[in-house]
Amino acid sequence: MHKALSKLLATGCLALLASACMPISRNHGFVTSKEAPGDIESGVDTKTTVLSKFGNPSLTGVFENNKWYYMSELREQLGYLRPQTKTRTITAVLFSDEGIVDDVSIYSIKDGRIISLVGRKTPTRGRELSIMQQLLGGVGRLPQGSLGDNQNLPGGAGGPRRQ
């Protein structure tokens, strides 16, 4: 009885460990239903037929209004590790001015390029003040109203004052 209970407990622990190592798969972006974006035909399909088959595109061209992109991606995550992209497909559909498909290009994850981002900051005007300079910066300054009758001094809040 004791041996059978230990075997059952060991089998249960192994099953739990094995299930913890199963990757979690997630689809992101465009998910095909019946037809694949590669089924779009140049010279035959129009914007209307593409919309009816595949729905709204993932995004449209920023500078080219006649270019639609359908993007899909499959990611797998193992336990607590960072998810990894397994497959990525980008379908670019170029339309003519009349709304007819001119060209269909399909890109995979192999077509992608790694882009290094620049971490520079845009400098701002002025100077950086320490906490002490910010706290004690107004000590010793005269209030605006005590400098005479002229209320239209540069640097005053809101510009020239009305009488």
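Values quoted throughout were computed directly from the atomic coordinates according to the rules given, and no laboratory measurement underlies them. Note that the structure is a prediction, hence the values are computed from the model and not measured. As a convention, Cβ positions derive from the backbone with ideal geometry for all residues, glycine included, and neighbour counts pool all protein chains shown.
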Q. Going through the stretch 59-123, which GluC sites (Glu not before Pro) have at most 12 other Cβ atoms within 10 Å and a DSSP loop state?
A. Glu64, Glu98
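Expressed in nm to one decimal, what extension gain is obtained for the pair Gln134 and Lys47 from 0.36 nm per residue of sequence separation less their Cα-Cα distance? It would help to have the intermediate numbers written out before the result.
On the way: separation 87, 0.36 × 87 = 31.32 nm, distance 5.87 nm.
Stretched fully, the Gln134-Lys47 segment lengthens by 25.5 nm.
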Q: Tell me which residues come under 5 Å, amide H to amide H, from Phe30 once H is placed; ignore anything under 5 positions away on its chain.
A: Met71, Ser72, Glu73
